[in-house]
Ligand code: SAH
Ligand code: TYD
């Protein structure tokens, strides 16, 4: 597979490929990539993903900020640290209220956008060493949070060591990532790509926490990115206990065999079935003379398009609203990426919804396209036309 966000400026550009394979550990229940790409190759001063491109995610992170503000109310001079703050989508709400905060963000281009919103940021990879530095400069944190970032970091042990160092004894860690049970239930295999090293469940997060003196105390399912989970962890202190819903969710995960290889056996079969159905559907529409484009040049789509071998012969172009992605080509499959306006003015019959995790928002936004007969092709949990 090529790197998921490795969009090409020119077709002559050299691409790097790596084997994308996933393993399960029966001892700590972690599901993770077996080979990884060095973080410096993925997170740098030209990182492509911007959190604020989706209205839904902007709202989601406003809600996240509200929850954090509620949790620190009554605390004297609270300090909140966010790992992977990206363009400041969440922390800007704390900055606006004058709450002491710090965004830790190694991708300099997105950190710059956060700074422009008044968000204090430190351009560094979070790990035990940078945690010590933050404590020296600003003291310990009441809340450490991170969304869609823990799953990106190979050296989780150093991150959790850093959290032990940075978190106050009565502090809370908020950790939000795509949820393994949703990936399994929906067969959303395109969540698997180089940047996503880990695919967490309550079972694996609980074990991970234990190894670092942190207890999983709460879990809150989130309806974003196709099904995510927000995990809350605290340092072991007398009186801390697991909320009842955590006990129930862990039982549900065990009932789905996420603690044994059995839970994962049918996954490949389901993946292959979706890919062949999708490809046949695209070929059928094409042979009927229809034009098909892609909607949203997501990182996820790199896995789908390369695994299912869907290229420019089936998909004419992909539209995307991210300025950094337009006029580039998709990694491995080399489909041109066009600005959204091209799609808005076009008259194609079918759009493959590659940004399927934003389905509600996009279907609502594209009422005009659908009213004039334009259709969306969906593929999770099965191929469907909307
Ligand atoms: N939290 C945002 C961004 C997720 S993308 C959201 O949910 O929309 C992941 C972000 O984590 C990227 O901006 C990337 O640069 C950052 N990141 C990667 N490794 C990191 C590390 N070791 N420490 C802190 N941030 C990291
Ligand atoms: P996303 O699915 O959030 O993440 P990932 O790249 O990690 O798989 O990316 C959404 C992409 O879809 C992003 O490139 C912006 C694009 N997009 C649009 O073009 N239009 C839209 O209305 C929305 C919501 C997203």
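Going by the structure shown, is residue 41 modelled with pLDDT of 95 or more and away from ligand 2 (no atom under 16 Å from the Cβ)?
no
Going through the stretch 193-203 one residue at a time, which ones are part of a helix (DSSP H, G or I) and either surrounded by fewer than 24 Cβ atoms within 10 Å (Cβ to Cβ) or at pLDDT below 95 (or both)? Within the stretch 193-203, 203 is the sole residue that qualifies. In this structure, does residue 146 turn out to be part of a strand (DSSP E or B) and touching a residue at least 24 places away in the same chain (Cβ under 8 Å)? Criteria met by residue 146. So, of the residues in the stretch 237-260 that are at pLDDT 95 or above and touching a strand residue (DSSP E or B) at 6+ places or on another chain (Cβ under 9 Å), which turns out to be farthest from residue 68 (Cα to Cα)? Checking each candidate, the answer is 260. Only a single item in (1) more than 13 Å from ligand 2 (Cβ to nearest atom); (2) more than 19 Å from residue 108 (Cβ to Cβ) is not met by residue 59, and it is number (1).
Would you check if there is a residue in the stretch 364-386 being modelled with pLDDT under 95, in a loop (DSSP other than H, G, I, E, B) and surrounded by 15 or more Cβ atoms within 10 Å (Cβ to Cβ)? Looking through the stretch 364-386, at least one residue is modelled with pLDDT under 95, in a loop (DSSP other than H, G, I, E, B) and surrounded by 15 or more Cβ atoms within 10 Å (Cβ to Cβ).
Within the stretch 152-175, identify whether any single residue is within 16 Å of ligand 2 (Cβ to nearest atom), part of a helix (DSSP H, G or I), surrounded by fewer than 24 Cβ atoms within 10 Å (Cβ to Cβ) and in contact (Cβ under 8 Å) with a residue 24 or more places away in the chain, and answer yes or no. Checked against the condition, which is being within 16 Å of ligand 2 (Cβ to nearest atom), part of a helix (DSSP H, G or I), surrounded by fewer than 24 Cβ atoms within 10 Å (Cβ to Cβ) and in contact (Cβ under 8 Å) with a residue 24 or more places away in the chain, the stretch 152-175 yields at least one hit.
Considering every residue within the stretch 327-338, establish whether at least one is in contact (Cβ under 8 Å) with a residue 12 or more places away in the chain, more than 24 Å from the chain's Cα centre (by Cα) and over 26 Å from residue 21 (Cβ atoms). No, the stretch 327-338 contains no residue that is in contact (Cβ under 8 Å) with a residue 12 or more places away in the chain, more than 24 Å from the chain's Cα centre (by Cα) and over 26 Å from residue 21 (Cβ atoms). Looking across 66, 53, one residue alone is out of contact with any strand residue (DSSP E or B) (no Cβ under 8 Å at 6 or more places or on another chain) and more than 16 Å from ligand 2 (Cβ to nearest atom). It is 66.
Of all residues in the stretch 351-361, those satisfying the criterion of being surrounded by fewer than 21 Cβ atoms within 10 Å (Cβ to Cβ) and away from ligand 1 (no atom under 16 Å from the Cβ) are 359, 360. Scanning the stretch 204-224 for residues that are in contact (Cβ under 8 Å) with a residue 60 or more places away in the chain and buried (at least 22 other Cβ atoms within 10 Å of the Cβ), we see that the one that is farthest from residue 355 (Cα to Cα) is 208. Every condition in (1) away from ligand 1 (no atom under 16 Å from the Cβ); (2) in contact with a helix residue (DSSP H, G or I) (Cβ under 9 Å, 6 or more places away or on another chain) is met by residue 322 except one, and the failing one is (1). Cβ separations smaller than 6 Å between residues 6+ apart or across chains give the following pairs from the stretch 45-69 residues that are under 24 Å from residue 330 (Cβ atoms) and at pLDDT below 95 to residues that are assigned to a helix (DSSP H, G or I) and away from ligand 2 (no atom under 16 Å from the Cβ): 45/108. If only residues of the stretch 223-245 that are in a strand (DSSP E or B) and within 12 Å of the chain's Cα centre (by Cα) are counted, the one that is farthest from residue 382 (Cα to Cα) is 229. Select from the stretch 324-346 the residues that are over 20 Å from residue 190 (Cβ atoms) and modelled with pLDDT under 95 and list them in ascending order. Matches in the stretch 324-346: 324 only. Among the residues making up the stretch 124-151, those that are within 16 Å of ligand 2 (Cβ to nearest atom) and under 17 Å from residue 103 (Cα atoms) are 146, 147, 148, 149, 150.
Filtering the stretch 145-182 to residues that are within 19 Å of residue 223 (Cβ to Cβ) and away from ligand 1 (no atom under 12 Å from the Cβ) leaves 179, 180, 181, 182. Looking across the stretch 288-323 at every residue that is within 9 Å of ligand 2 (Cβ to nearest atom) and over 12 Å from residue 190 (Cβ atoms), the one that is surrounded by the most Cβ atoms within 10 Å (Cβ to Cβ) is identified as 297.
Taking the stretch 282-304 as the range and being out of contact with any strand residue (DSSP E or B) (no Cβ under 8 Å at 6 or more places or on another chain) and either touching a residue at least 24 places away in the same chain (Cβ under 8 Å) or within 16 Å of ligand 1 (Cβ to nearest atom) (or both) as the test, the residues that pass are 283, 298, 299, 300, 303, 304. Here residue 45 meets the list (1) closer than 30 Å to residue 19 by Cβ; (2) exposed (fewer than 14 other Cβ atoms within 10 Å of the Cβ); (3) out of contact with any helix residue (DSSP H, G or I) (no Cβ under 7 Å at 6 or more places or on another chain) almost entirely, failing just condition (3).
The values are calculated or read from the model by the stated rules, or taken from the named source; none is laboratory data. Keep in mind that what you see is a predicted model, and the values were worked out from it rather than measured. FYI the Cβ positions are ideal-geometry reconstructions off the backbone, even for glycines, and counts take in every protein chain you see.
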